[in-house]
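The values are calculated or read from the model by the stated rules, or taken from the named source; none is laboratory data. The shown structure was predicted, so the numbers you read here are calculated from the model rather than taken from an experiment. Positions of Cβ are backbone-derived with ideal geometry, glycine not excepted, and every protein chain shown enters the neighbour counts.
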Amino acid sequence: MGTLQNHDATRHWFDLLAPGYDAVVPSLFWPESLQQAALDRIDLESVDRVLDVGCGTGETIDQLRSDVSATHGLDLSQPQLETAADKSELEDVRFIRGDARTLPYADETFDCVVSVGSILYWSAPVEALREAHRVTKQGGEILVLGFNRRSLSWWNPVQNVQDGVAETLFFRYNREEGTELFLEAGWTDPTHEVTGPIWGPELVIATTARKVES
Ligand SMILES: C[S@@+](CC[C@H](N)C(=O)[O-])C[C@H]1O[C@@H](n2cnc3c(N)ncnc32)[C@H](O)[C@@H]1O
């Protein structure tokens, strides 16, 4: 398990990072164009209520809000949420402090759950994805962006060193592991796309899956 797959360590890390977060992290790891391409894989036209798990400073919600009438954001870190809540363009969003493992919402509340760059910190990813499944309406969708567990590169030793460090810090998954993970959590038809920022085109894995109608 990665060192940052720890609830208290992650909260502390993001509490410290919050003041400079927007200036550095999204553009480096989760650029707007990458997020938009992933969001385009969801049928947002049929979505009224969306939950962003690990919403941080609200960057993803900002990209969604023109398409969706009710947006909710949940995050572990109070300072991250305060930065989000201070953004005037996000004044209609309902932010709440909480943990992905125990979502404070009734069953089948949302048409869609999104989560960008948060699963890598989750100590119990299956448990959290099961919670996301519980709060999603039948026929609803999930979109998760995490770190891809890339194969060893024969020509790029720098990438291998980066991946070695990432392995000690974060939860990562490849396509096969992702399929197993999402199916175990109750989701159907997980599909993955490997993507990434310009300096790491295979760094990120974007997964969508659906909750079946019974
Ligand atoms: C890299 S940031 C991504 C924020 C945002 N989604 C974005 O795209 O800018 C990861 C966020 O996940 C939150 N987080 C990590 N573990 C969490 C958990 N178990 N429950 C809720 N939020 C969590 C962190 O506090 C942090 O704000």
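Of S33, S46, S27, all but one fail to be hydroxyl-bearing (S, T, Y) and under 25 Å from T179 (Cβ atoms); the exception is S46. When the residues of the stretch 55-83 are filtered to those that are buried (at least 18 other Cβ atoms within 10 Å of the Cβ) and small (G, A, S), the one that is nearest to D111 (Cα to Cα) is G73. Among the numbered conditions (1) buried (at least 19 other Cβ atoms within 10 Å of the Cβ); (2) farther than 30 Å from A70 by Cβ, the only one that A100 does not meet is (2). Can you find even one residue in the stretch 139-149 that is over 18 Å from the mean Cα position of the chain (by Cα), on the phi > 0 side of the Ramachandran plot and surrounded by fewer than 19 Cβ atoms within 10 Å (Cβ to Cβ)? The answer is yes, given that some residue of the stretch 139-149 is over 18 Å from the mean Cα position of the chain (by Cα), on the phi > 0 side of the Ramachandran plot and surrounded by fewer than 19 Cβ atoms within 10 Å (Cβ to Cβ). Comparison of L181, L203 shows that the only residue that is farther than 23 Å from L28 by Cβ, of a type outside the set (K, R) and surrounded by 12 or more Cβ atoms within 10 Å (Cβ to Cβ) is L181.
Within the stretch 30-45, no residue that is without any contact (Cβ under 8 Å) to a residue 40 or more places away in the chain sits with its Cβ atom under 9 Å from a residue that is aromatic (F, W, Y) and part of a helix (DSSP H, G or I) at 6+ positions apart or across chains. Here Q5 meets the list (1) in a loop (DSSP other than H, G, I, E, B); (2) free of Cβ contacts under 8 Å to residues at least 12 places away in the same chain; (3) of a type outside the set (D, E); (4) within 13 Å of the ligand (Cβ to nearest atom) almost entirely, failing just condition (2). Taking the stretch 31-53 as the range and being assigned to a loop (DSSP other than H, G, I, E, B) and either touching a Ser or Thr at 6+ places or on another chain (Cβ under 8 Å) or hydroxyl-bearing (S, T, Y) (or both) as the test, the residues that pass are R41, I42, D48.
Per this entry, D52 is not counted among residues that are near the ligand (Cβ under 8 Å from one of its atoms), modelled with pLDDT of 95 or more and surrounded by fewer than 23 Cβ atoms within 10 Å (Cβ to Cβ). The residue pairs whose first member lies in the stretch 100-123 and is farther than 14 Å from R49 by Cα, whose second member is near the ligand (Cβ under 9 Å from one of its atoms) and hydroxyl-bearing (S, T, Y), and whose beta carbons are closer than 8 Å, counting only pairs six or more residues apart or on different chains, are A100/S115; A100/S118; R101/S123; V116/T60; Y121/T10.
Answer yes or no as to whether S69 is without any contact (Cβ under 8 Å) to a residue 40 or more places away in the chain and either of a type in the set (K, R) or away from the ligand (no atom under 11 Å from the Cβ) (or both). Judged against the criteria, S69 is a match.
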